[in-house]
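For reference, the structure is listed below as structure tokens.
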Amino acid sequence: GYTLRSPSAANTQAHLAIGPGQTTVLTGTALVEAPVVLTPIETWRQARFGTIANSGTAADTSDPDGDGLANLHEYLLGTDPLAPGDAAPLTVRAVGANLELGFLARRATGPGYADLVRRHEIQTSDNLADPASWVRVVGHGPITGADNLESVTVPAPTGGARFYRLRAWLEPAP
């Protein structure tokens, strides 16, 4: 049989063994193909937009469906970046003297989510000017996405503004 050997991929010399005790030295350029390994978000972009490039309508900051969520947020939340009617990330409803905050904790599934889990938590702040003021709502979260509806009831604010947001992130599956 024929065996082509090269000590390294960058080596321009290769040895071709033709038979017992016979070796011919070949010189030239060898093409070495390595498999392309995409990041999870590149895999998601390829499935959603047909490209892995972080540009144009596939850019992290783009909002091609005009729903107010950039592609990166759509990826983290598991919503469709091309469907403006996709569910709002966080709903708020008055219930007596309380607020009921709810969201769909989506499972991390499909292209771009292999070996990942999605976690969620509702956070609150009374100061939008201070990014460090956001804290998790006491007794709620983090929640692992399993396509489950989640809700928490909190007292309505009585003496000033109170803000709420849904934080979602991806992490390696256990």
Identity of the residue in the range 147-174, over 25 Å from residue 69 (Cα atoms) and under 21 Å from the mean Cα position of the chain (by Cα), that ends up surrounded by the most Cβ atoms within 10 Å (Cβ to Cβ): 173
Strands (runs of 3 or more DSSP E) completely within the range 38-128 that count 1 or more residues being within 18 Å of the chain's Cα centre (by Cα): 98-105, 116-125
Any chance residue 59 is open to solvent by less than 60 Å² (accessible area, probe 1.4 Å), in contact with an Asp or Glu (Cβ under 8 Å, 6 or more places away or on another chain) and aliphatic (A, V, I, L, M): no
Qualifying residue in the range 130-146 (condition: in contact with a Ser or Thr (Cβ under 8 Å, 6 or more places away or on another chain), open to solvent by 30 Å² or more (accessible area, probe 1.4 Å), part of a loop (DSSP other than H, G, I, E, B) and under 30 Å from residue 51 (Cβ atoms)): no
Residue within the range 155-164 that is at pLDDT below 95, farther than 23 Å from residue 72 by Cβ and part of a strand (DSSP E or B) present: yes
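The values are calculated or read from the model by the stated rules, or taken from the named source; none is laboratory data. Being a predicted model, the structure only gives us computed values, none of them experimental. Here Cβ is always computed from backbone atoms with ideal geometry, including for glycine, and neighbour counts include all displayed protein chains. Side chains included, ligands, DNA and RNA excluded: accessible areas come from the protein's heavy atoms. Shrake-Rupley method; radii C 1.70, N 1.55, O 1.52, S 1.80 Å.
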